[in-house]
Structure formats: C-alpha cells, structure tokens
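The values are calculated or read from the model by the stated rules, or taken from the named source; none is laboratory data. Computed from a predicted structure; not experimentally measured. Glycine gets a Cβ as well: all are built from the backbone with ideal geometry, and neighbour counts include every protein chain shown. Side chains included, ligands, DNA and RNA excluded: accessible areas come from the protein's heavy atoms. Shrake-Rupley method; radii C 1.70, N 1.55, O 1.52, S 1.80 Å.
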Amino acid sequence: METLEIVKEKTTAVKEENISGSEAVMRALIAEEVDTIFGYPGGAIMPIYDALYDYDNKLKHILVRHEQGSIHAAQGYARTSGKTGVVFATSGPGATNLVTGLADAMIDSTPIVCITGQVFAHLLGTDAFQETDVINITTPVTKWNYQVTDANEILSALAKAFYIAKSGRPGPVLIDITKNAQVQKFDYKGYEKCNHIRSYRPKPFIRKKYIEQAAALINEAKKPFVIFGQGVILGDAEKEFRQFIEKAGIPSAWTVLGLSALPTDHPLNVGMLGMHGNYGPNVLTNECDVLIAIGMRFDDRVTGRLDKYAKQAKIIHLDIDPAEIDKNVQTTIPVWGDCKETLPLLTTLVNKKEHKEWLKKFNDFSKEENEIVIKKEMHPTTNEMSMAEVIDALNELTNGDAVIVSDVGQHQMVACRYTKFNQSRSNVTSGGLGTMGFGLPAAIGAKYGAPQREVVAIIGDGGFQMTIQELGTIMQFGAAVKILVLNNNFLGMVRQWQQLFNDRRYSFVDIQSPDFVAVAKAYNITGQSVNDRKNLKAALKEMLDHKGAYLLEVMVGKENNVFPMVPQGCSVAEIRLK
Amino acid sequence: MNNDNKNQYAPNSSASGGAKGKQEYTITVYTENQIGLLNRIAIMFTRRKMNIDSFNTSPTEVDSVHRFNIVVNETEEVVRKLCRQIEKQVEVLKVYFNTNDEIVWQEMALYKVPADVIATKVKVERLLREKGARVVAIRTDYIVFETSGHREEINALTKALEPYGLIEFVRTARIAIINNSKGFHEKLKEFEALQPGEGIISNEFLNQQDKVFSM
Ligand SMILES: Cc1ncc(C[n+]2csc(CCOP(=O)(O)OP(=O)(O)O)c2C)c(N)n1
C-alpha cells in the first residue's frame with residue numbers, strides 16, 4: 001500500500017546503471033544543485049556518509065557539534081541564500097535532535113530537506129537499537145515527511161521533498177531512509193525533478209475580481225497602512241513590493257520576519273510592528289482605514305488583543321497560503337496568491353498618490369518615541385552600556401550592509417528595532433518559535449549561504465550557552481562569523497517580565513556564564529570582552545576587521561528593559577513607552 | 001459565512017466556549033492512499049483538543065483515492081478553519097464539510113443476544129424485526145444481529161435490548177455521502193492537469209457550499 005507515485009522517467013536518461021540507494025541520494029542532491037550539507041553521522045546513516053566520501057569535491061559537508069546545530073545552520077543558509085537547506089542526521093537521537101529546528105522552520109516557513117537514517121526495514125517496530133518513530137514524531141512539525149524502505153523510491157521521494165520544501169509556502173520536509181534502502185542496488189535511469197503533485201496546489205488561483213476590489217478600496221482610502229512579513233522575501237518580491245507602496249504612497253511597517261525586505265531609510269518605512277515594535281505603527285494600526293497585510297500571518301505577538309485589533313479598518317490580506325486568510329483576522333478582501341504576481345497586478349490598478357498628512361502622523365509618533373525611549377537608549381546617562389548603543393555603534397561601522405543573525409530575548413528585539421538594513425535577506429532570527437540557541441548555528445549557516453557578506457551574530461549570554469558547542473564547528477571549518485554577545489548576566493527577557501508583571505520576583509533568571517573569551521580561545525577563536533563605553537567602537541571595529549571568526553562580549557546594563565511594549569492581553573493601541 | 005462573529009479563532013473553544021452555534025458536521029476528506037496520512041489528519045483535531053465523534057476511512061469510486069469521514073460537534077467557523085488546515089496537507093486532495101441535512105449517512109451496529117432470550121421472548125423477536133435487524137450468525141448459545149441507521153435509531157435499539165441480557169454491542173463510525181456530489185472521477189482529472197481549473201484550486205469555496213462540485 002505504501003507507494004509513491006514514481007516520477008515518470010524520461011527516455012533521455014543516461015544508460016542504465018546499477019547503483020546503491022546512497023549513491024542515488026548523492027546524485028539527487030547534485031541534480032538539485034545542493035552545494036552544502038549540515039550534518040552529523042551515525043550508524044543508521046553510515047552508507048550515505050560512505051557515498052558522501054567520494055563526493056567531497058562537489059558537496060561541502062559541515063560537521064556540526066549537535067544535530068540541532070545542523071538544522072539551525074541549514075535554516076540560516078536558506079534564509080540568506082534563498083535556497084533549500086539540507087541536513088543529514090542518523091536515526092534515534094540524531095533525528096530527535098532535529099525536532100526543535102523542524103518546528104522552527106515550520107513556523108517560520110523555511111525550506112529545509114532533512115535526510116535521516118533509519119534502522120533496517122525488517123527491524124521497524126521492534127525497538128531496535130536507535131530506532132525511534134521519526135515519521136510520527138515529526139509529522140506535526142513538517143510540511144511533508146516520508147519513510148523510504150526501498151531504494152527504488154529514493155529518487156522520487158527526494159524529488160518530491162525538494163519540490164514541496166521550496167514551493168508555495170516553504171517549509172521543512174523530512175525523508176527517513178532505512179539502512180537496507182541505502183545499501184540496496186537498483187537500476188538508475190536518471191533523476192527528474194518534480195514539478196507537479198496532483199494533491200498539492202502550492203499557489204492558489206489568482207482572482208482578478210479580488211485584485212480589482214482591493215485596488216478600489218486602496219484608491220478610496222484616506223489612511224491606508226501596509227503591514228508586511230516574510231512573504232515578500234520568500235516570494236522574491238521586494239522590488240514588486242516597493243513599486244506598489246511607492247506608487248500608492250502607503251506607509252509600511254514590518255514584522256520581525258519581514259525586516260530587511262524594505263531598506264531602513266526608505267521614506268515609507270515606518271518601522272516595526274508588534275509587542276516591542278515602534279509606537280506609531282502599533283497605535284495607528286487602530287486608526288488606519290484600510291489595512292493591507294502582505295505575506296504575514298497576524299501572529300499574536302503582532303496583533304496583541306485580537307478583538308481590539310484594527311476593528312475600524314477594512315482589511316486586505318495578500319497571502320500564498322489560503323489557510324492564513326481569516327485565520328486570526330477577518331479579511332474584507334482576500335487576495336490569494338504569490339505576492340510576486342499579485343502585487344504588480346495591484347500596482348497597475350492603484351492611483352499614484354501621496355498621503356502626506358497621514359505619513360506625518362507616523363513621523364510625529366516616531367518623534368515622541370525618540371524623545372521618550374530611543375534617545376535614552378542610544379545615549380544612556382549611566383556608566384552601564386545599553387544594548388541599543390552597541391547596535392548603533394555597529395550600524396556606523398557596517399553601514400547597514402551586514403547580515404544580522406539574532407538569538408532570542410531582549411537583544412533580539414533591540415537588534416530588530418535598531419539595526420539598519422540596506423538589502424533584503426539580511427535579518428535572520430527565530431521569529432515564530434523564539435528558539436534560544438538558534439543564533440550561533442544559524443549564523444554559521446548564514447555565512448555559508450552568503451559567503452561574501454559580513455555576518456554578525458547578536459546573542460544573549462543565556463542563548464549563547466544553549467548551542468555554544470558550535471564554536472567547534474567554526475574552529476574546524478572556519479566560518480568567519482562575528483559573534484557579539486550582549487551579556488547582561490540575566491535571562492533578560494524573562495527577568496523583564498518578572499519585573500513588570502511578577503513584582504520583581506526574579507525566579508531563576510540569574511544566569512552565570514563562563515569566561516566566554518577564554519572559551520572562544522580554547523576553540524581557537526580570537527576575542528575580547530569590553531566593559532567600558534570608551535572601548536566599544538574600537539572593539540567593534542577590531543571584530544569586523546578581523547579576518548576569521550571573532551567573539552566580542554559586551555557587558556551591558558543588567559536590568560535594562562525593552563520598550564515600547566504591548567503587554568500581553570492588551571490592544572496594540574495600549575502600547576507602553578515606559 | 002457568518003460575518004458577525006469576528007472573534008479570534010480559539011483553539012480550545014470546544015472545551016470552554018459554550019455550545020453556542022455548535023452542531024454536528026460531517027467532514028469528507030479525499031486523499032492519496034498514503035501511510036502516515038491518518039496520523040497527519042488525526043492530529044489536526046487532537047492538537048486543538050477537539051473531540052472526534054466518529055472517524056472512518058474508506059476507499060472511493062476512484063482506485064487510488066481514499067476518503068475519510070470525520071464527525072465533529074463544532075461551530076461552523078471552527079470547522080471551516082480546520083478544514084482549510086487539513087486541505088493544506090500535501091496529500092489531501094479536497095475537503096468538504098456538511099451539516100446533517102446536506103448528507104445521507106448511516107452507521108452500522110452488531111448485537112450479540114443470548115439465544116434462549118430470542119427463543120422464549122416473542123417481544124424481543126418482534127422488536128428486532130420492527131427495527132429491521134438482520135441475523136448474521138446463529139449459534140446454540142447466542143445470535144448476532146446487524147442493523148444500520150442513524151445514531152439515534154441504533155441507540156434506541158441498544159437501550160431496548162439491554163433488559164434482555166445483551167451480551168455484546170459494537171457500532172461503526174459514520175459513513176456519509178454528500179447529497180449534491182457527483183463523485184470524484186471528474187474531479188480527479190482536474191487535479192491531474194498541470195493547470196487546473198478554478199474550482200479545485202485552494203479551498204476558497206469551503207464557505208460556499210453550493211459551489212462545491214460546480215465544475
Ligand atoms: C529554548 C528556549 N527556552 C526558553 C525560552 C524562554 N526565553 C525567552 S527569552 C529568554 C531569556 C534570554 O536570555 P538571554 O539569552 O540572556 O538574552 P537577553 O534576553 O538577556 O537578551 C528565555 C529564557 C526560549 N525562548 N527558548
């Protein structure tokens with residue numbers, strides 16, 4: 001009963017050859033133009049690693065220090081390169097170590113193909129050594145998964161895997177290959193990419209009617225407001241997006257994952273949405289008359305309290321995933337489709353406009369936020385350094401050209417709020433899952449995905465210790481990642497909540513750290529720690545000028561808070577500045 | 001589509017939100033015949049802590065296509081959103097949801113009754129005859145009857161038999177046919193085309209039941 005529709009082999013195929021399932025995996029990867037694999041070997045995937053031994057010159061394999069690191073690295077790679085990240089792991093613990101990354105890639109729509117080894121097919125269900133039910137464990141956190149038990153299925157399974165991972169709304173796919181299928185010989189007749197699965201519609205049908213209705217609404221709007229997410233980046237639609245907002249003259253705000261799709265200094269870029277977003281975008285969400293959501297999914301960190309979210313506005317939602325429409329926010333006009341196609345259709349129909357008065361409102365809020373929050377953050381009056389001033393100094397040196405990978409916590413929100421970006425695919429962070437420990441391995445992957453670019457990982461002292469072992473990966477393979485640890489000697493974000501909502505009952509947020517510089521040194525990574533503002537710029541410059549990887553620890557204020565903040569359960573209009 | 005209910009999709013509403021607007025929905029899921037899909041579909045419900053009243057898998061009129069019938073007691077809004085998520089699964093072809101007046105449906109039950117009761121109690125024999133129960137096995141010590149019908153009918157017979165030493169009772173899941181469905185043969189051709197027609201793309205007609213099968 002378990003059969004895959006075998007991809008129809010073309011007769012143009014090369015002469016028949018008898019090859020192993022593992023060899024077929026290599027050929028499939030090359031045909032899919034994979035150049036980098038992040039992985040970790042083990043018993044059940046040994047035949048695949050054996051085949052890889054002969055492909056050393058075509059497939060770069062990065063040996064991580066923990067499988068969680070491999071999938072986060074693949075995510076970072078996918079995010080900066082726009083390609084699908086590939087992961088190898090063994091059965092049992094190797095595969096279960098991938099679960100966090102799969103969940104992260106699932107919720108953040110990142111194209112990943114994981115290949116896991118599995119025990120021999122005849123041992124399935126016998127509690128064999130390192131057997132776990134990987135397919136069932138990973139079902140809720142994969143877009144698709146499949147267990148291959150016969151070498152004849154490998155090519156079609158991988159072709160489907162790559163097609164599903166990257167098409168439509170991207171996501172992680174896992175292919176579990178039993179050991180017998182890896183060693184089994186079969187007649188290879190060539191590899192054919194998959195471009196159609198009858199039960200799978202990656203792109204919804206574009207309905208002109210809705211585009212026309214959306215354009216009419218936009219043309220009548222006095223206070224239109226665009227909110228955009230990663231869909232713009234995943235759809236490769238940054239240019240189309242700019243043309244749309246520039247013609248219609250609409251102020252635009254981003255979600256954490258939409259960040260960098262629009263340059264920071266673009267006149268229509270009004271800032272960040274959500275819990276720690278900017279003042280204007282949050283307040284004015286509840287004042288606009290037409291809200292145009294593009295490639296974003298109304299996460300609760302963005303919307304705050306839903307029954308008080310943009311109730312006055314007509315809502316246009318552009319999304320490639322029909323299940324997102326009306327999921328959290330009832331739309332007035334649903335524009336299903338790939339925004340790379342729908343945006344230009346919309347642009348031709350909207351009138352050229354400027355909404356000067358309306359845009360000024362955003363700028364007024366921005367001034368107020370600047371006075372009450374940002375100035376103080378950038379120029380603290382105490383001796384303690386703030387996270388914001390570190391980011392500000394970094395901006396000056398990178399000019400907004402670096403890829404910024406952040407971990408999760410206060411430093412992540414500060415990095416998103418204050419980093420300048422000139423180009424897309426420059427912000428890599430764990431948005432939907434908020435996975436601490438994501439930063440360092442993702443930065444390694446981001447560097448392989450964009451080798452020409454400067455990659456700076458901004459990480460807290462807590463999150464750094466979650467995947468700190470990946471320093472070993474850097475040591476061995478030389479990814480020139482710049483690691484900026486913002487050390488506040490606390491699990492800062494949780495401490496902030498405890499301060500604000502639990503009467504300063506600091507329950508287990510006081511975290512101790514090793515001497516990070518010494519740890520880095522043990523891994524042969526140069527670094528230093530700065531505690532004094534007057535050394536900050538020089539230290540950042542040294543970090544950026546350094547040829548290889550570098551670790552800079554900056555000691556920052558212990559009890560600083562991230563503001564503005566929309567407290568949980570409050571409406572976006574109730575955003576607090578202090 | 002119910003537009004006045006703009007509330008957040010509350011995943012736990014089945015447990016807490018009160019029964020307002022809830023009714024029985026029969027969800028019909030057409031899928032590829034693939035191991036693992038059963039779990040993928042089942043967890044869509046369990047993840048939301050939603051109770052499944054009945055769950056049936058079956059072949060269809062098309063060789064390679066499978067069909068699930070799932071019955072839940074929920075509000076239309078919750079069911080519609082859930083169906084969209086189910087249809088998003090790669091190996092799911094199409095999902096429909098219907099109220100009871102839009103479908104023809106049956107459940108089947110088996111009853112094992114002591115043979116001497118049937119032999120001695122005329123009332124029981126009459127009862128079974130009235131309910132259209134069929135004998136499927138006769139042994140010296142017991143007799144097995146089969147009946148099919150709506151849940152209430154089966155429940156009523158079970159209750160009626162209880163005083164007479166009903167030994168064993170088992171009921172199947174619901175199977176249902178959508179009144180205005182023309183089957184899946186034609187539909188499948190559309191799915192197999194590289195450029196399919198509007199009717200099957202995405203699940204936007206989920207809230208416009210009359211357009212279902214309109215191609
Ligand atoms: C794997 C994981 N565990 C726990 C959390 C909850 N959490 C969110 S932020 C945070 C504190 C992070 O502290 P740190 O890395 O020092 O960064 P800071 O907030 O101080 O900048 C914690 C524990 C999480 N997001 N991920």
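Taking each residue as 0.36 nm, the span from A:Phe477 to A:Thr382 lengthens on full extension beyond its C-alpha to C-alpha distance by 30.1 nm.
Using equal-weight Cα scatterers in the Debye expression, the normalised intensity of the stretch B:105-171 in log10 at q = 0.13, 0.17, 0.24 Å⁻¹ is -0.29, -0.51, -1.04. Taking the 1.4 Å solvent-accessible surface of the protein assembly as shown as the whole, the part contributed by carbon and sulfur is 51%. What is the antiparallel percent of DSSP beta bridges lying wholly in the protein assembly as shown, to the nearest 5? Of those bridges, close to 45 percent are antiparallel. For the stretch A:133-143, backbone phi angles converted through the Karplus equation (6.51, -1.76, 1.60; θ = phi - 60°) give residue-by-residue couplings of 7, 5, 4, 6, 5, 9, 4, x, 10, 10, 6 Hz, Gly and Pro being listed as x. Chains B and A together bury some 3400 Å² of accessible area, summed over both sides, with a 1.4 Å probe. What whole number of Å gives the distance from the Cα centroid of the stretch A:552-567 to the Cα centroid of the stretch A:323-377? Comparing the Cα centres of the stretch A:323-377 and the stretch A:552-567, I get a distance of 28 Å. Counts of other chain beta carbons within 10 angstrom of each beta carbon in peptide A:191-200 average 5.
Give me the Kirkwood hydrodynamic radius of the stretch A:165-297 in Å, from all C-alpha pairs, to one decimal place? So the Kirkwood estimate lands at 17.9 Å. Close amide H contacts of A:Ile206 (hydrogens built in the peptide plane, cut-off under 5 Å, sequence separation of 5 or more or a different chain): none are found.
The mean number of Cβ atoms from other chains found within 10 Å of a Cβ in peptide A:134-141 is 3, as a whole number. The stretch between A:Lys185 and A:Lys208 holds 3.2 nm of extra length on full extension. This uses 0.36 nm per residue minus the Cα-Cα distance.
For the pair the stretch A:517-546 / the stretch B:122-143, the C-alpha centres are spaced 87 Å from each other. Using Cβ point charges alone (K and R +1, D and E -1), the dipole size of the protein assembly as shown about the Cα centre works out to roughly 1360 debye.
Backbone geometry of the stretch A:326-336 corresponds, through the Karplus equation with coefficients 6.51, -1.76 and 1.60 at θ = phi - 60°, to 3J(HN,Hα) couplings of 6, 5, 10, 10, 6, 8, 8, 10, x, 10, 6 Hz, x marking Gly and Pro.
Relative to the current alpha-carbon distance between B:Asn180 and B:Gln106, full extension at 0.36 nm per residue lengthens the span by 24.9 nm. Take A:120-132, A:268-280 and order them by the average number of nearby Cβ atoms within 10 Å per residue, most first; the result is A:268-280, A:120-132.
Annotation: amide H of A:Asp176 within the under-5 Å range of A:Thr116, A:Tyr146, A:Gln147, A:Val148, sequence separation 5 or more or interchain, hydrogens built in the peptide plane. If you take the alpha carbon atoms of the stretch A:6-197 and fit the smallest convex hull around them, that volume is 107 Å³ per residue. Protein heavy-atom accessible surface, 1.4 Å probe, per residue over chain A: 38 Å².
Projected label points at A:Asn219 and A:Asp515, each 7 Å from Cα along the beta carbon direction, are separated by 7.0 nanometres. Amide hydrogen proximity for B:Ile143: with H placed 1.01 Å from N in the peptide plane, the residues at 5 or more positions away or on another chain lying under 5 Å are B:Val113, B:Ala115.
The Cα-based radius of gyration and maximum Cα-Cα distance (Dmax) for chain A are 24.4, 74 Å. Can you give the net charge of the other residues whose Cβ lies under 13 Å from the Cβ of A:Ile107, counting K and R as +1 and D and E as -1? The answer is -2.
Per-residue mean of other chain beta-carbon atoms within 10 angstrom of the beta-carbon, peptide B:81-89? Averaged over the peptide's residues, the number is 4.
When both the stretch A:195-218 and the stretch A:15-50 are represented by their alpha-carbon centers, they are found 37 Å apart. Each Cα pair under 8 Å and six or more residues apart adds its sequence gap; the mean of these over the residue count of the stretch A:208-362 is a relative contact order of 31 percent. Residues in the stretch B:169-184 carry Karplus couplings, in order, of 9, 9, 10, 8, 6, 6, 10, 9, 10, 7, 3, 9, 8, 9, x, 10 Hz; the curve used is 6.51 cos²θ - 1.76 cosθ + 1.60 with θ = phi - 60°, and Gly or Pro positions show x. Spacing of the modelled spin labels on A:Glu559 and B:Ile43, each 7 Å from Cα toward Cβ, amounts to 4.4 nm.
Value of Rg to Rh for the stretch A:290-425, rounded to two decimals, is 1.02; Kirkwood radius and Rg both from alpha-carbon coordinates. Once you list every other residue whose beta carbon is under 15 Å from the beta carbon of A:Arg504, what net charge do they have if Lys and Arg are +1 and Asp and Glu are -1? Neighbourhood net charge equals 0.
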